[in-house]
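The values are calculated or read from the model by the stated rules, or taken from the named source; none is laboratory data. A quick note: this is a predicted structure, and the numbers were derived from the prediction, not measured. All Cβ positions, even for glycine, are placed from backbone atoms using ideal geometry, and neighbour counts span all protein chains on display.
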Amino acid sequence: MILNLALLLLFQLAGEVTARALSLPVPGPVIGLAALVLAFLAVPGLAGRMQPTAGGLLAHLSLLFVPAGVGVVGHLGVLGAQGGPLLLALIGSTVLAIAVGAGVFVGVQRLTGGAE
């Protein structure tokens, strides 16, 4: 498992180095993940070997939200003072994202001649 975690971090590091060295607009971890997927395709046994480690990480993914919760509690004063505008921005951006997603779906459906 430690070797698998090291491999995950190695791919993330490689992606970060690539993104910074080439001044790419894509985040390094995304590049590393794409490289890991390519490695899975090139070495089929690698995916099976990494599966238990990935499952363990996903099972404890909620732990990664603890720092965000601490940040919210640490800034309760700001949240109280600016709660209304923050809530409005959150709701507005959510509605806008859903509308844009639906619009793109309809546009792609029309372009591809999908079922009405």
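Only one of the numbered conditions (1) within 18 Å of the chain's Cα centre (by Cα); (2) assigned by TED's automatic domain parsing to the domain that holds residue 13 is violated by residue 101, and that is (2). Against the list (1) exposed (fewer than 10 other Cβ atoms within 10 Å of the Cβ); (2) farther than 25 Å from residue 8 by Cβ, the condition residue 62 fails is (2). The residue that is surrounded by the most Cβ atoms within 10 Å (Cβ to Cβ), among those in region 27-47 that are within 14 Å of residue 10 (Cβ to Cβ) and touching a Phe, Trp or Tyr at 6+ places or on another chain (Cβ under 6 Å), is 32.
The single condition from (1) without any contact (Cβ under 8 Å) to a residue 40 or more places away in the chain; (2) surrounded by 11 or more Cβ atoms within 10 Å (Cβ to Cβ) that residue 50 fails is (1).
For region 51-97, the set of residues classified as closer than 30 Å to residue 36 by Cα and aliphatic (A, V, I, L, M) consists of 54, 57, 58, 59, 61, 63, 64, 66, 68, 97, listed by residue number.
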